[in-house]
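What follows is a single structure, written as structure tokens, with notes after it.
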Amino acid sequence: MFKKFAVAAALAAIASSAFAAGPTGFYGGVDAGSTHVDNVNVHGTSFGALMGYGVNPNVAFEFGYRRLGTWDVYGGGFDGGTVKIDQIQLTVVGSYPLTPQLDIFGRGGFNDLSTEWSARGRTYNPDSKGGTLYGVGLAYHFTPTVSGRVEFQKPSSDSTNFSLGVVVKF
């Protein structure tokens, strides 16, 4: 009898921690934040969207798009214009519950950064480079289906992104 009670208690504990951890199944979200690029020492406003699939409460795969920023550039060999940087990412996200509603998470994976410079109605030097990215953050579960996120991400060796987001489980 004691063994059955211990197994039931263990399963209840696992189920309650699974409820608190990241979403299982499909989910989507949006975020907004700020990107800093070191070599030009400027900040830009970022925004993005993501789709994910939680394999279990602690592991998920995410695909996302983010406009890292748009900057007006003058001087330094530029005759004036606008630089845009876009990010497409595919990552693995691992999460761990700190409390029943708060998770810490980390991400690692690959991203493609597309840089485009435009001036006088023309687009010049479209460039794309792939690489690795990593990030860390906190997720707070408002309800079983809605979470908020705070994340610091390193999309390249010379850029960082800090974002706030909302995730909804389908």
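Using a 10 Å cut-off around each Cβ, can you sort 154, 169 from fewest to most neighbouring Cβ atoms?
Fewest to most other Cβ atoms nearby, the residues stand as 154, 169.
Can you put 36, 141, 43 in order of Cβ neighbours within 10 angstrom, beginning with the fewest? It would help to have the intermediate numbers written out before the result.
Working: 36 16, 141 22, 43 13.
Listed from fewest to most nearby Cβ atoms, that is 43, 36, 141.
In whole Å, how far is the Cα centre of segment 83-154 from that of segment 44-75?
That distance is 4 Å.
Sort 113, 98 so that the residue with the fewest other Cβ atoms within 10 Å of its own Cβ comes first and the one with the most comes last. Intermediate results must be reported in sequence, preceding the final value.
Working: 113 20, 98 12.
Arranged by neighbour count, lowest to highest, 113, 98 become 98, 113.
For segment 98-106, take each phi angle, set θ = phi - 60°, evaluate the Karplus expression 6.51 cos²θ - 1.76 cosθ + 1.60, and give the result in whole Hz per residue in order, putting x for glycine and proline.
Result, ordered by residue: 8, 9, x, 10, 10, 10, 9, 9, x Hz.
A short reminder: the numbers here are calculations on the coordinates, not readings from a lab. Computed from a prediction, not measured in an experiment: that's the story for all the values here. Please note: Cβ atoms are built from the backbone with ideal geometry, for glycine as well, and neighbour counts cover all protein chains shown.
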